[in-house]
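Asks: Structure provided below as structure tokens; questions to follow.
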Amino acid sequence: MAQNVSMEDFEALLNESFEIDTPAEGSVVKGKVIAIEAGQAIIDVGYKMEGRVDLKEFSNPGEAPSVAVGDEVEVFLDRVENARGEAVISRDKARREEAWDRLEKAYASEERVEGAIFGRVKGGFTVDLGGAVAFLPGSQVDVRPVRDAGPLMGLKQPFQILKMDRRRGNIVVSRRAILEESRAEQRAEVIGNLTEGQTVDGVVKNITEYGAFVDLGGVDGLLHVTDMAWRRVNHPSEILSIGETIKVQVIKINKETHRISLGMKQLQDDPWDSVEAKYPLESVHTGRVTNITDYGAFVELEAGVEGLVHVSEMSWTKKNVHPGKIVSTSQEVEVMVLEIDPSKRRVSLGLKQTMRNPWELFAETHPEGTVVEGEVKNITEFGLFVGLPGDIDGMVHLSDLSWEERGEDAIQNYHKNDMVKAVVTEVDVEKERISLSIKALDDSFSGAVEGVKRGSIVTVTVTAIEDGGIEVEYEGAKSFIRRSDLSRDRAEQRPERFQIGDHIDVRVTNVDQKTRRLGLSIKAREIAEEKEAVEQYGSSDSGASLGDILGAALKTGDE
């Protein structure tokens, strides 16, 4: 009986020793390399258990295996015994378990981890983090897109864990976060050593349409195109090239955003300091057209000093024309300084002021009464526009087309491009207007009435009889005597008592050169004769009757 008890105790103790010495499957155990053969390491994991591990599991990406007989290593026990009676173990799985423990601690404390990029996959790269494989998205490789990641492959470097899920075996890391952090520290250090107004050397790193980015030794500053030179710069590439070392001034530093504004022109003399002295008002200078807009053209007087020739100051005669039809870019032109505003850095220039005002010149060379000839440029409802010397126009109003016809009828006789002659009747330089008259070319009326003035007695010939009066002619100039002016006596104010061809004496009441009309009246002649007779042959207190006075006057006339 005692022997049976001792056997049971022995079996219990044996089972207990098995449980203690035999490692549990699925755990990490320590083992010892006892041999290396056929590309495998034979490892004793205790309790007379041995397993085999490929040598490649002892190497890091891009490195040779580092393992030797006698080394103690940790391996993962998959199974205690396989078909060949060997333990199934893995160095990779042991490293992975160890790595995950370590990485979870690093992720929780936001610490950096070390790893090496060893492969390329869709959308990014694979990274070995000392046993655990992580995904590195392409956007997280560098602060700027990387075209060739070859130099980074197999290189040990720090990474930041962005996300990890042990259950799914997912780890996402970033190299960019490390670079940005380092860059931020470097920027802060460089910016801390910079002061506004300081002159520094920099290297042109990138050129855009609006400026250039300049590397100041770890931090970039923006050199805006307007701060490159005092003159107009259309594109930064005109004066800068990538890789060029330039001297710049720190204009502004934003401590919060770490943005630095730089300037080159601030290191040069400001040409505007002497603009007023060099370009007095109404002085004329030669400049170069640098830019043309809808509202005018910019003319460079010197490097850094530009003035605007407004469209209204470009030509005396070309109105509502685009400036590009008057001047062209890079053309040299003479301009006059009209106004200077140093505070706003503006110069107003005039192009037309360097040429004589064509209306002033026309007024000097073509006084009123001058006969001119020109081409009909335009026909409107109120007259003709005739081209004149100096690229200007004169207007013939409807009322100045003909003496005989109504203006609306006379204008039908003219067509565009006809050559016509006219007389200058008025030149208004301020309003830029020239009045012409075609009918003034016919000066026969002036010759006919030469010497005739108001109050003169002339003899006219009846040419037509109408209900309202009679039409008469004097030396080729026609006039009309109204019924009320045919006689002093109302009973004799009858047009029918006259016949065509009669010669009658009339008194001139008006001479109108503009309308070529004589104002005539028989009644006025009779009244004037009566008044004269009274003055010669009677007085108001003589007691003589009007009949007596006229009888005496007629008798004297007969003798």
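The values are calculated or read from the model by the stated rules, or taken from the named source; none is laboratory data. Keep in mind it's a predicted model, so treat the numbers as computed, not measured. Positions of Cβ are backbone-derived with ideal geometry, glycine not excepted, and every protein chain shown enters the neighbour counts. These area figures cover heavy atoms from the full protein model, side chains too; ligands, DNA and RNA do not enter into them. Shrake-Rupley method; radii C 1.70, N 1.55, O 1.52, S 1.80 Å.
Asks: Need the full-extension length gain, K105 to S399, defined as separation in residues times 0.36 nm minus the C-alpha distance. One decimal, nm.
Replies: 95.3 nm
Asks: At 1.4 Å probe size, with no ligands or nucleic acids counted, give the accessible surface of M153 in Å², nearest ten.
Replies: Solvent-accessible area, nearest 10 Å²: 80 Å².
Asks: Can you pull the accessible area of E475 for me, 1.4 Å probe, Å² to the nearest 10?
Replies: 130
Asks: How would K163, K265, K205 rank on accessible area, largest to smallest, probe 1.4 Å?
Replies: K163, K205, K265
Asks: Work out the count of Lys pairs in region 302-397 where the Cα-Cα distance is under 19 Å, with the pair 8 or more places apart or on different chains.
Replies: 5
Asks: Rounded, prolate or oblate for region 238-287? Axes are the square roots of the Cα gyration tensor eigenvalues, ordered a ≥ b ≥ c, and the cut-off for rounded is a/c under 1.5.
Replies: Prolate is the answer for region 238-287, as a/c is 1.5 or above and a/b outweighs b/c.
Asks: On to the next question. Among L301, T317, N357, whose Cα projects farthest towards the positive end of the dipole of region 299-427, with charges put on the beta-carbon of Lys, Arg (+1) and Asp, Glu (-1)?
Replies: Farthest towards the positive pole: L301.
Asks: While we're looking at this one, here's another question. As a test of reading the structure, rank W272, W403 by solvent-accessible area (1.4 Å probe, protein chains only), most first.
Replies: If we order W272, W403 from most to least accessible, we get W403, W272.
Asks: For region 118-257, with all protein chains present and a 1.4 Å probe, just round the carbon and sulfur fraction of the accessible area to a whole percent.
Replies: 50
Asks: Using heavy-atom solvent-accessible surface (probe 1.4 Å) with all chains present, what is the largest-first order of V233, V321?
Replies: Order by accessible area, largest first: V321, V233.
Asks: Quote the accessible area belonging to S437 in square angstrom, nearest 10, computed with a 1.4 Å probe and with ligands, DNA and RNA left uncounted.
Replies: 0
Asks: Summarise the accessible area of region 352-504 (1.4 Å probe, protein heavy atoms) by the percent that is carbon and sulfur.
Replies: 43
Asks: Where only protein heavy atoms count, and the probe is 1.4 Å, what is the accessible area per residue for region 250-363 in Å²?
Replies: With the other protein chains kept in place, region 250-363 gives 56 Å² per residue.
Asks: I would also like to ask the following. Ordered by residue, what ³J(HN,Hα) values in Hz, to whole numbers, does region 134-151 give under the Karplus form 6.51 cos²θ - 1.76 cosθ + 1.60, where θ = phi - 60° and Gly and Pro are x?
Replies: Coupling constants for region 134-151: 10, 9, 10, x, x, 6, 9, 6, 8, 6, 10, x, 9, 7, 10, 8, x, x Hz.
Asks: Taking N as the number of residues in region 402-446, what is its alpha-carbon radius of gyration divided by 2.2 N^0.38 Å?
Replies: Relative to the 2.2 N^0.38 Å estimate, region 402-446 comes out at 1.33.
Asks: Leaving out same-chain residues fewer than 8 places away, which aspartates and glutamates sit with a Cα under 19 Å from that of K265?
Replies: E196, D201, E209, D215, D220, D227, E238, E244, D273, E300, E302, E306
Asks: Mind checking the dipole of region 91-178: about its Cα centre, +1 per Lys or Arg Cβ, -1 per Asp or Glu Cβ, Debye to the nearest 20?
Replies: Here region 91-178 has a charge dipole of around 240 debye.
Asks: Remind me, relative contact order of region 111-251 in percent, using alpha carbon pairs under 8 angstrom and six or more residues apart?
Replies: Reported as a whole number, the value is 18 percent.
Asks: Please work out the average accessible area per residue across region 188-231, using the 1.4 Å probe convention, and give it in Å².
Replies: 47
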